[in-house]
Amino acid sequence: MTEQNSGCDRDTALASAVRLREQGQHEQARQRLLALAEAFPMDAEVACQTAWAHDVLGLEAEAVPFYERALSEGGLSPQDRLGALLGLGSTYRVLGRYAEAVDTFRGGLEEFPGDGGLQTFLAMALFNTEQHHEAMRLLLTLLASSSEDPGVQRYRRAIEHYAGDLNETV
């Protein structure tokens, strides 16, 4: 089999596995992706899809090495890289690996500054590490900048001000 045919087979098999996952056939998708990950161990996209297949089944611990591989190999689209950072950080948090979650989300925000999803999940991980002030600062700042709620917009300046120090009194 030529490398080009191998790539074509890889693409077809990957598309088929992703389709299975999207159709709710999660275990079948996971099995196909595991086989692909074994056949293409340095393929970031395959590793990323394999991680997601594990996550959707609640197999977070098994997802971690695939997320880590996907992020270390390079080659992911920006959208997939963002998704992998969110997935890995969230998975670390679910597993009680809070410091790793915080580090992952902070690193993600260096690459994708201002991403609301990363900020929100970072705030949850900060809460888990008892960094409550920073967690609230992040959430209040995000709320003030992204909410279309008229009440939030009416008090946006005050919310942004107090996001810096909730303990401030007059």
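Every number here is computed from the coordinates shown, using simple stated rules; none is lab data. Because the structure is a prediction, the values reported are computed rather than measured. Because the Cβ atoms are built from the backbone with ideal geometry, glycine has one as well, and the counts that use them run over all protein chains shown.
Before moving on, here are some points about what is shown:
- With 0.36 nm allotted per residue and the present C-alpha distance subtracted, the residue 77-residue 129 stretch has 15.6 nm of extension available.
- Each Lys and Arg Cβ is given +1 and each Asp and Glu Cβ -1; about its Cα centre, the chain then shows a dipole of about 360 debye.
- Candidate values (1) 10, 31, 27, 18, 9, 3, 1, 0; (2) 10, 32, 24, 17, 11, 4, 0, 0; (3) 9, 29, 34, 21, 7, 1, label of the one derived for P(r) over Cα pairs in 10 Å bins from 0, in percent: (1)
- Of the GluC sites (Glu not before Pro) in the range 133-167, the ones in a loop by DSSP (not H, G, I, E or B) with at most 16 other beta carbons within 10 Å are 148.
- Available extension along the chain between residue 109 and residue 157 is 14.9 nm, counting 0.36 nm per residue and deducting the alpha carbon span.
- Most positive-pole-ward Cα, 47, 153, 66, against dipole of the chain from beta carbon charges: 153
- Percent RCO, i.e. relative contact order, over the chain, from Cα pairs under 8 Å lying at least 6 residues apart: 11
- For the pair residue 12 and residue 141 in one chain, pulling the backbone fully straight at 0.36 nm per residue adds 42.1 nm over the alpha carbon distance.
- Rounded to the nearest 20, the size of the Cβ-charge dipole of the range 1-76 about its Cα centre is 200 debye, with Lys and Arg at +1 and Asp and Glu at -1.
- Note on the chain: helix-only mean residue ellipticity at 222 nm, from DSSP H runs of 4+ residues weighted -39500 (n - 2.57) and normalised by residue number, equals -25000 deg cm²/dmol.
- Pair residue 22, residue 166: separation of 7 Å Cα→Cβ label points (nm): 4.0
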